[in-house]
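The values are calculated or read from the model by the stated rules, or taken from the named source; none is laboratory data. Bear in mind the structure is a predicted one, so any value in this text is a computation, not a measurement. No Cβ is skipped: glycine too gets one built from the backbone with ideal geometry, and neighbour counts run over all protein chains shown.
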Amino acid sequence: MNSMENLEKQLTCPICLEMFTKPVVILPCQHNLCRKCANDVFQASNPYLPTRAGSLTSGGRFRCPSCRHEVVLDRHGVYGLQRNLLVENIIDMFKQESSSSKPTPESIEETPMCDVHEDEKINIYCVTHSVPTCSMCKVFGAHKDCEVAPITSIYQTKKTELSDGIAMMVGNNDRMQGIISQLEEACRAIEENGRRQKTLVCEKFDHLYSVLEEKKREMSQKVTVEQQEKVNYIRGLTKKYGDHLEESCKIVEMGIQTMEEQEMAVFLQDFRSLQYSTFG
């Protein structure tokens, strides 16, 4: 195993088993990890850890995968660990050395060429216009008065920015999914509570209906009894006065017949009998 292979082994992340991806964080135990790998392990080992606004994670405990040393993280979580700039620079130099010492046809073919200078590869980055370009464009072309930088350093910087942005978006998505799950649970709780309340209301109204129905029957029966008593009383009076009227009519008829009697002695007898019937 040559020195480059030994160096590559030293620059391998113990989590993803690939060369460290910047940014590289250093733990208090002096072991290094890709920050994304460290954050993935931390999130997986703390699935219920609450989050706070302005940071991807809340503080917690993280165990080094190399030596199992436990690290207490602050409120920024893994993103509060220091970056190991020395290791990142070594990685850049290693990659540059590897690419220069191991050129492959595939890499040559995949390198884009300049649109203006067809024989020139795009190998520098115009910071002024934020576009990749070739050396000829810097010397003679449209970017001769612009600020430029090596495309490898810009590549690593932009890749790091993209990785950080993706990690942040993943964290935000996880938080939003958690919020959505909480809202859905709240909806289910509200619906269940609503069903229970409806059941209680229906039960109370059913009870009230039964009480009202019982009162209705009692009052209706009472009215019926009072009605029958009054009707019977009125009917008794009606019969009494009817009988009296019938008797009075008979006496009137007898009086009329007596008035028609021509024989005085008979008239006086009938009158006496009629007077006795009328006045007792």
Inset, instruction - Please tell me if Met176 is of a type in the set (A, V, I, L, M) and touching a Leu at 6+ places or on another chain (Cβ under 8 Å). - result: no
Legend entry - In segment 127-155, residue surrounded by the most Cβ atoms within 10 Å (Cβ to Cβ) [restricted to those that are at pLDDT 80 or above and under 47 Å from the mean Cα position of the chain (by Cα)]: Pro132
Legend entry - Residue among Glu184, Glu253 that is surrounded by 10 or more Cβ atoms within 10 Å (Cβ to Cβ) and either among the hydrophobic types (A, V, I, L, M, F, W, C) or farther than 30 Å from Val41 by Cβ (or both): Glu253
